[in-house]
Amino acid sequence: MSETPHFPHGAMRRKDREITDRSEMESIIRSAKTMYMALAENNTPFLVPLHFAFDGTVLYFHSAKAGTKIEILKRNQVVCFAISDYFGVEESEFPCDFEARHRTVIGMGKASFVNTDAEKIKALDLIVAKFTEKTFTYPQAKLDATMVVRIEIDSLKGKKHGC
């Protein structure tokens, strides 16, 4: 495990909605196509949606080699991420009693840049497989122009309702 601060949240208030089973949390991670990753620099948050993949141990996402998230990650590798399955809304007679049916995982981790073509290809194959059964060969020029980031997961919390 990397040197990441403890999870910023305390105990879950609604224990009846808490997911404690790691395999159920991993199922949510595997089923979703989009992850929201939060970064911070100089006490300013930055949140970005990403297509991602999970290999059973770490998360991967791809990016251009330059941009806000890459520049922040060069200075602060600690990230928080949220991944959800959304199943609609439970309506009520009262507007404040509507509830989302969902399964959500929030995690903390440490990001690092992937430097080998072999790991880049592995990550890209995992990401592409979420969207198609086709397989691809990546031209070297595209691999060279693509940044792949690995997130070592330090902590996970899960919550569900209406599922």
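Just a few scattered comments:
- For the stretch 35-85, filtered to residues that are among the hydroxyl-bearing types (Ser, Thr, Tyr) and touching a Phe, Trp or Tyr at 6+ places or on another chain (Cβ under 9 Å), the residue that is nearest to Thr116 (Cα to Cα) is Tyr60.
- Contact annotation: residue pairs with Cβ atoms under 6 Å, 6 or more positions apart or on different chains, pairing a residue in the stretch 52-65 that is over 21 Å from Lys142 (Cβ atoms) with a partner that is among the basic types (Lys, Arg) and part of a strand (DSSP E or B), are Val58/Arg150.
- Arg75 passes every criterion in (1) at pLDDT 95 or above; (2) under 17 Å from the mean Cα position of the chain (by Cα); (3) farther than 24 Å from Ile127 by Cα apart from (2).
- The stretch 52-67, subset touching a strand residue (DSSP E or B) at 6+ places or on another chain (Cβ under 6 Å) and surrounded by fewer than 21 Cβ atoms within 10 Å (Cβ to Cβ), residue farthest from Val148 (Cα to Cα): Val58
- The residue that is modelled with the highest pLDDT, counting only those in the stretch 88-105 that are open to solvent by 30 Å² or more (accessible area, probe 1.4 Å) and within 19 Å of the chain's Cα centre (by Cα), is Arg103.
- Selection count where residues are within 20 Å of the chain's Cα centre (by Cα) and either modelled with pLDDT of 95 or more or not polar (S, T, N, Q) (or both), scope the stretch 133-160: 14
- Scope the stretch 122-135; condition surrounded by fewer than 17 Cβ atoms within 10 Å (Cβ to Cβ) and under 15 Å from Phe61 (Cβ atoms); matching residues: Lys122, Asp125, Leu126, Ala129, Lys130, Phe131
- Scanning the stretch 118-143 for residues that are touching an Asp or Glu at 6+ places or on another chain (Cβ under 9 Å) and either closer than 20 Å to Leu73 by Cα or among the aromatic types (Phe, Trp, Tyr) (or both) yields Ala123, Phe136, Tyr138, Leu143.
The values are calculated or read from the model by the stated rules, or taken from the named source; none is laboratory data. None of the values given here were measured: they were computed from a predicted structure. When we count neighbours, we look across all protein chains shown, and the Cβ atoms used for this are built from the backbone with ideal geometry, even at glycine. Keep in mind that these areas ignore ligands, DNA and RNA; they rest on the heavy atoms of the full protein, side chains included. Shrake-Rupley method; radii C 1.70, N 1.55, O 1.52, S 1.80 Å.
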